[in-house]
């Protein structure tokens, strides 16, 4: 017959063994916030999202900046879309294979992801990752952005999106989005 001490030690060691894989899985799970921002709105939202998760953040940069004037930028974007062109982006990012979850942010341009985000999607393989799209817009909502990602990465686990008109987001709404996607 086991003594009380032996019994408790046995229970504790079984409990620790059962918890070990879960703890290991959580520590290997890395999250990265990736975004492009033309006006600064998406940058502000990306920083708020990363702050709530206390996680890594990476800004997509273009080699040749878009014009300062929105109407000129929109004209250029329409031309790039018509011709199927993407801007060159700076390739100085982290090893994306280290991250299992990517929160991907973009301004909405002509109803789609910005051209720099589309260039990022062309350059890096996010297949098999969890992707949470977020966007800023001028009133048209998230439009085709999530479909843009689904089309590019049908094997990715694309979760619910978050969008904000300009910088009108609320921190509690970001937290709720994180909870819904089991990030908090």
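Quick notes on this structure:
- Checking the range 29-48 against the condition returns a match, with at least one residue being at pLDDT below 95, surrounded by fewer than 17 Cβ atoms within 10 Å (Cβ to Cβ) and under 17 Å from the mean Cα position of the chain (by Cα).
- Among (1) touching a helix residue (DSSP H, G or I) at 6+ places or on another chain (Cβ under 8 Å); (2) at pLDDT 95 or above - the single one residue 91 does not satisfy: (2)
- Selection within the range 62-83 - touching a helix residue (DSSP H, G or I) at 6+ places or on another chain (Cβ under 9 Å) and either buried (at least 16 other Cβ atoms within 10 Å of the Cβ) or under 13 Å from residue 110 (Cβ atoms) (or both): 62, 66, 76, 77, 80, 81
- Residue 68 being over 19 Å from residue 92 (Cα atoms) and part of a loop (DSSP other than H, G, I, E, B): yes
- All of 121, 53 fail the test of being surrounded by 15 or more Cβ atoms within 10 Å (Cβ to Cβ) and within 19 Å of residue 167 (Cβ to Cβ), apart from 53.
- Any hit, the range 164-172, residues being under 16 Å from the mean Cα position of the chain (by Cα), closer than 23 Å to residue 40 by Cα and at pLDDT 95 or above: yes
- Residue in the range 150-164 that is surrounded by the fewest Cβ atoms within 10 Å (Cβ to Cβ), counting only those that are in contact with a strand residue (DSSP E or B) (Cβ under 6 Å, 6 or more places away or on another chain) and touching a residue at least 12 places away in the same chain (Cβ under 8 Å): 157
The values are calculated or read from the model by the stated rules, or taken from the named source; none is laboratory data. None of these values were measured; they are calculated from a predicted model. Counting neighbours? That spans all protein chains shown, and the Cβs are built from the backbone with ideal geometry, glycine included.
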